Ligand code: UDP
Ligand code: MG
């Protein structure tokens, strides 16, 4: 077995030991995943891992996959699971934390199945930021983050990939009763009000009754 294989096994092993809590954060490009994740981190102590940011960092590090990642991102295509999952596993282990928001992943069925098969982690739930395409386009064209893929041509490709490949992942988790959907077309603070409700621990009704009676 090569050293790379051994390193992957080690990563998988340390993660399995920890049994981290994972929330997948999904939504079209520009739906506010990153913005809302930053706020969830501040209020609820999760660690934010953006698959897109990890891939951008990997591309910039001059790794052997750099050119491939760059080409795929510029076309709005989905980078092979193997690459993304390895980056996510590494980031989870290196963080030393155990509560993660995984933003922008899994983007297709294959991403989803491979992540579950490799890490043995099932998400607690999926946070889905639902937003119409016109609003997504408007936001991305105004945000000016210097991203090569934030041009009208690539944005449309990314949205098409979202509809064709990522929505089925959301449907898969919906069928399992695991999707928390948010109307993401509203202003940031209003969206966060809805997000807060989802992350705030609920007091069990039965407990309330008991407390009141006692
Ligand atoms: N990407 C990918 N796999 C992932 C996450 C991102 O291949 O798991 C690529 C894909 O090409 C995508 C780009 O990275 O279009 C940007 O992703 P990011 O999540 O940063 O952008 P967003 O969709 O949130 O605007
Ligand atoms: Mg993002």
Inset, instruction - Just report the Cα centroid separation between region 9-79 and region 106-135, whole Å. - result: 11
Inset, instruction - With springs only between Cα atoms under 10 Å apart, run a GNM on the chain and tell me which of 130, 108, 71 wobbles the most. - result: 71
Legend entry - Cα gyration tensor, region 1-73 - rounded (a/c under 1.5), prolate or oblate: oblate
Legend entry - If the convex hull is drawn through the Cα atoms of the chain, its volume per residue in Å³: 143
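Where a number appears in this text, it was derived from the coordinates with a stated rule and is not lab data. Quantities reported herein were computed from a predicted structural model and do not represent experimental measurements.
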